[in-house]
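The values are calculated or read from the model by the stated rules, or taken from the named source; none is laboratory data. Keep in mind it's a predicted model, so treat the numbers as computed, not measured. Quick reminder, even Gly has a Cβ in these numbers, built from the backbone with ideal geometry, and neighbours come from all protein chains shown.
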């Protein structure tokens, strides 16, 4: 008889309210049934969470019905969330898969924030982990990307866990068949138009001919990569402040920083760079570019590594916005769009709260949503992007460089230079056509007049 698949209980505690994300597929149905079996032992209060993505017509309706009936049979409360994935994908210029994931995880975070659950469990398996690692490897990910799916995602309130991340998909299906538990099949999982499906159906089976344990090995690689990244994050936090300095060195000591909003630069002492091991130097160069809001690919990083050693190379244009300059003492990275020289007004424009302003092609209205307490609320600034800007998108972990956001939106380089953002107390709280995370402590909402409200 097929045994019940093991689940990771390390984040589960007595009394927790746990919402199980159930699509209706075998993995999520298996996770639900496994958690139902062990919930009394742990002391969990279970509920079922299902997202209707609005992309598969009658099949999606049937999935929702199946999940609701299964929850009812098990005596569990169920939540149904309907979203317009195609509409959101078009609005944000994302793929259907990206938009669906963002909407799904956004709702999970809402369940946690609203106190309807302490934990949300998703049914990612070891096979999903292997597919993710291969997918990112094919796209040229750095080590952090090879960390794959994280077992635990800590949110502002509560956590998202993956209790099946060390379990094979075949084990789950075998157990469901043994217990005669039905599930739903998603036809889109067979569509060869999706790269991930081809990895699952074609590439991994081929790799398994060379190593039958390839999925496990890839999952091990992800674990190692995540642990490595945790160490590197701490190491970079220690190294960078004294090594990557803003602006340029000036005669007599000190540093000069550009006041132009479309330009920024950082400098690194060449002697110190050359003394670093290649692994550390590579990380430092990438981190330096990220401070300017730019990402480096492998070839750009390789060119910078060589520039540290080469005697003759003094300047290199790494991208349309980023260039490297070398003096006798320093390697500098400079990000500049040059728009102010062309007469483009890039702000900043003071925006009263409550109040509004017009500039950079938009008109904003700012409305108080909470009592700010005694005194007035400091004005915000409507401006163009600056070097080093980062934005915390809704439904994502942490702030991301604007360059990465623009690439996902397919925004042309010229448009990026005058793309309006609203800064308040040192953080970007609104950005055109982007859903910015509503972080605690912001007592107002922002609306672009004449368009849909932008959170």
Open item on the list: Quick test of your reading of the structure: residue 174 fulfils all but one of (1) modelled with pLDDT under 90; (2) part of a helix (DSSP H, G or I); (3) surrounded by fewer than 19 Cβ atoms within 10 Å (Cβ to Cβ). Name the failing condition by number.
Closed with: (1)
Open item on the list: With the structure loaded, tell me whether residue 398 is assigned to a loop (DSSP other than H, G, I, E, B) and within 25 Å of residue 113 (Cβ to Cβ) or whether it fails that test.
Closed with: yes
Task: From the options 89, 64, 99, residue that is within 17 Å of residue 47 (Cα to Cα), outside the structural domain of residue 438 (by TED's automatic domain parsing) and either assigned to a helix (DSSP H, G or I) or free of Cβ contacts under 8 Å to residues at least 12 places away in the same chain (or both) - done: 64
Open item on the list: Among the listed residues 49, 71, 123, identify the single one that is in contact (Cβ under 8 Å) with a residue 12 or more places away in the chain, in a loop (DSSP other than H, G, I, E, B), in contact with a strand residue (DSSP E or B) (Cβ under 9 Å, 6 or more places away or on another chain) and surrounded by 20 or more Cβ atoms within 10 Å (Cβ to Cβ).
Closed with: 123
- [ ] Looking only at the range 417-427, decide whether some residue is under 25 Å from residue 104 (Cβ atoms) and surrounded by 17 or more Cβ atoms within 10 Å (Cβ to Cβ).
- [x] no
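With respect to residue 276, determine if the residue is out of contact with any strand residue (DSSP E or B) (no Cβ under 6 Å at 6 or more places or on another chain) and crowded, with 20+ Cβ neighbours inside 10 Å. So that I can check it myself, show each step before the final result.
Working: out of contact with any strand residue (DSSP E or B) (no Cβ under 6 Å at 6 or more places or on another chain): yes; crowded, with 20+ Cβ neighbours inside 10 Å: no.
Taking the combined requirement at face value, the residue does not satisfy it.
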Task: Residues satisfying the stated conditions in the range 392-432, i.e. more than 26 Å from residue 153 (Cα to Cα) and touching a helix residue (DSSP H, G or I) at 6+ places or on another chain (Cβ under 6 Å) - done: 416
Open item on the list: I need a count of the residues in the range 192-226 that are surrounded by 11 or more Cβ atoms within 10 Å (Cβ to Cβ) and either touching a strand residue (DSSP E or B) at 6+ places or on another chain (Cβ under 9 Å) or not in a helix (DSSP H, G or I) (or both).
Closed with: 2
